Amino acid sequence: MRREARGMTYNAIRRGELVRASKCEDCGKNRNIEAHHDDYNKPMSIRWLCKNCHGEWHRYNTPIYPKKLV
């Protein structure tokens with residue numbers, strides 16, 4: 001699902017449906033901004049974080065992944 005969420009984000013940006021933020025939502029820096037998904041069940045629910053804050057978030061948190069169908 002991560003791959004699908006990333007693809008949906010990339011395509012939405014390319015089509016102009018989603019605009020990349022100019023600043024990190026955590027620290028306010030305006031360089032190396034990346035899309036972050038807290039919950040991969042909601043692929044268009046994105047927070048824009050700089051590379052440092054994004055890595056920091058993943059060090060201390062785990063995103064929500066879809067339940068696997070058995």
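For (1) assigned to a helix (DSSP H, G or I); (2) basic (Lys, Arg), each residue gets a yes or a no:
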site: Ser45; (1), (2): no, no
site: Cys53; (1), (2): yes, no
site: Glu56; (1), (2): yes, no
site: Arg59; (1), (2): yes, yes
site: Thr62; (1), (2): no, no
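Selection of the range 47-64 for residues being in contact (Cβ under 8 Å) with a residue 12 or more places away in the chain and either under 13 Å from the mean Cα position of the chain (by Cα) or buried (at least 17 other Cβ atoms within 10 Å of the Cβ) (or both) yields Arg47, Trp48, Leu49, Cys50, Lys51, Cys53, His54, Trp57, Pro63, Ile64. Among residues of the range 6-25 that are touching a residue at least 24 places away in the same chain (Cβ under 8 Å), those with a beta-carbon under 6 Å from a residue that is part of a loop (DSSP other than H, G, I, E, B) and not basic (Lys, Arg) at least six positions away or on a different chain give the pairs Met8/Pro43; Ala12/Leu18; Lys23/Asn30. Among the residues making up the range 46-69, those that are within 20 Å of Thr9 (Cα to Cα) and among the hydrophobic types (A, V, I, L, M, F, W, C) are Ile46, Trp48, Leu49, Cys50, Cys53, Trp57, Ile64. Evaluate the range 32-46: report whether one residue or more is touching a Cys at 6+ places or on another chain (Cβ under 8 Å) and open to solvent by 100 Å² or more (accessible area, probe 1.4 Å). Scanning the range 32-46, I find at least one residue that is touching a Cys at 6+ places or on another chain (Cβ under 8 Å) and open to solvent by 100 Å² or more (accessible area, probe 1.4 Å), so the answer is yes. The set of residues from the range 10-35 being among the aliphatic types (A, V, I, L, M) and either over 20 Å from His58 (Cα atoms) or not in a loop (DSSP other than H, G, I, E, B) (or both) comprises Ala12, Ile13, Leu18, Val19, Ile33, Ala35.
The values are calculated or read from the model by the stated rules, or taken from the named source; none is laboratory data. Nothing here was measured: the structure is a model prediction, and the numbers come from that model. Here the Cβ is made from the backbone with ideal geometry for all residues, glycine too, and neighbour counts use every protein chain on show. Side chains included, ligands, DNA and RNA excluded: accessible areas come from the protein's heavy atoms. Shrake-Rupley method; radii C 1.70, N 1.55, O 1.52, S 1.80 Å.
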